[in-house]
1. Please report, ordered by residue number, every helix of chain B (full DSSP H runs) that is 30 Å or longer along its axis going by C-alpha atoms and whose mean Kyte-Doolittle hydropathy reaches 0.0.
2. With a cut-off of 8 Å between alpha carbons and a minimum separation of six or more residues, what is the relative contact order of chain A in percent?
3. Just counting partner chain Cβ atoms within 10 Å, what average do the residues of peptide B:1-13 show around their Cβ?
4. What percent does the relative contact order of the range A:1-109 come to when contacts are Cα pairs within less than 8 Å and at least six residues apart?
5. Taking the Cα atoms only, what angle lies between the long axis of helix A:119-132 and the longest principal axis of chain A, rounded to 10 degrees?
6. Report the Cα-based extents of the range B:8-84 along its three principal axes, largest first, to the nearest Å.
7. HN-Hα J couplings of the range A:349-365 from phi, Karplus 6.51/-1.76/1.60, θ = phi - 60°, integer Hz, Gly and Pro as x?
8. Would you mind computing, in nm to one decimal, how far apart the modelled labels at B:Leu63 and A:Asn316 are, each placed 7 Å from Cα along Cα→Cβ?
Amino acid sequence: MATRVAEIGKGVPALSEERQVTWPNRTRTRLSNGLEVVLAESRAVPKFHGELLFRSGNAAVADRAPGLAEITADVVRTGTAKRVSRQIEEDLRRIGADLSSSAGADMSAISFAGLSEFAEPLLELVNELAREAAFPEAEFVRERRQMLEEVKLERTQPGFLASERLRKVLFGAHPYAQVAPSEEQVAGFRRDDLTAVYREFYTPENALLILVGDFESAAMLKAAEKVFGRWTGKKPQAKGAPAPANPRGRRVYLVHVPGAVQTQILTGCHAITRKHPDWVKLGLTNSLYGGAFNSRLVMNIREDKGYTYSPRSSVNALRQHGYFSISAAVRHEVVAASLTEIFYELDKLRALPVPEAELADAQNYLSGVFSMGLATQEGLLGQLVTVELNELPQDYLETYREKVRALTPNDLIATARKYFDSANMQIVVVGDRAQIEPQAALFGELEVYDAQGKRLQ
Amino acid sequence: MKWQSDYYTLLEGGHGGVPRFGLMHLLACFTLFDGEPQLVNTVLDGFLAVKKEGIYAVAGKYLRTENRAIVFRKPANAIAKEAA
């Protein structure tokens, strides 16, 4: 393995200096009705991409039922006071546009892209969906049926079961603990539940319009004012949720799936939000640990030991709280061996400074991927959404690469000690109890659940 | 219109995070197969010139019932039940 890398290494030319980025012309303002607007000009192709975002999602209605914001978003695009579903699809085709609607834990969104010459009719449609969605009964029933199937399917997927359990363990009574509704909850959804969420969330004071593409900002702003300017509505009432307790001590949660062919490992601990000043440090430390393909964890348990195909670590930031997690689907017989290596690599980063060359590679990777991610209209839009939704400093994009480059081995060891909370990691394993229980129990006090979430003896 | 819009996205779009991969790919294909990389600038006109009759003619020629293959995917236990 090592010799092969060296052979290839010989033929690779040295990296050139990182190029300067020409930052797009950006405008940040409000329409007369208070709607926040961000515009960025990016003219590679005669198109534009946009999102109308609402700062509320599934977490804000988790006390009613998780998934309620999601099904609301699904049904929003199926009809307005003026157009039925088929008409919407035909109109989109006629102007060469795509449109989708979705909701996450902390936001709901109408996302769209189209030819610049037809910007106004596309914005008109977005405006209609945001203000005059009709929630046709038949479309609602169809979406509910589909969601019911999805919810049933999810329960057969180890990745879902693992993340559902980990989120429960890490977030307890907080809405972030609930990742999906139960079948009963979905079956109980009524059209009125959706229209109530719609009235509450889809208001200009709660919204943010971001457009990126081939346009003159002044003209686009005028078009946005014309289309959205008369829309009115208040911000929904903010609901505070108490901070979840940070679980102490390693514990193991086994989700029993009889006859499972392999075991899904997912282990995690509390971390930080995007807004936290340590975000870039933790991002780089994670990239080196298990966030990139050539990271230590992948080289160890995939390339060297062959325990798993796709191990991965990530820093997951929700708006109010964040968590760090490590996942790997492994063969039954190497559950204990894989966990041992997962913790070995964590502890090694906490104990020993990272060699300069390895740090430089990780910096090049993270900085390079970031630059490439900005090069398309869609990529730039995604980054601007991240900045705005998380209320990051306005120079976040411009200064990100310098911040990554400035980090030293000392920063990384401090970050690993602070956030790779090895002693308090919560460990979820999803697999056949008979095959893995003794191995899993080596790592902490064990609780066993079934796929429906019921505690077993 | 939809084709035009999608074509621009293809040119700009990434492949595994590499921006402009679509444009590179088309340049490579037109150079390899046609020796004419500049086709990337005109190929769209050809698609936009397609008329309804042309689509009928092609569909009639290639999408024939006797050329059709249909695959049914069923769980093994459903097949066993049918056989019983």
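Read-outs: derived from the displayed coordinates by stated rules, not from any lab. Being a predicted model, the structure only gives us computed values, none of them experimental. Methodologically, a virtual Cβ is constructed for each residue, glycine included, from the backbone with ideal geometry; neighbour enumeration extends over all protein chains shown.
1. Helix filter hits for chain B: none.
2. Values: 808 pairs, mean separation 91.2, N = 457.
Relative contact order here is 20 percent.
3. Values: counts 10, 9, 1, 4, 13, 3, 2, 10, 9, 1, 2, 9, 5.
Mean shielding count: 6.
4. Values: 94 pairs, mean separation 26.6, N = 109.
Worked out over the range A:1-109, it gives 24 percent.
5. That works out to roughly 80 degrees.
6. 62, 39, 22
7. Karplus-based 3J(HN,Hα) across the range A:349-365 equals 5, 7, 9, 10, x, 6, x, 3, 5, 5, 4, 4, 4, 5, 5, 4, 4 Hz.
8. Distance between the two pseudo-spin positions: 4.2 nm.
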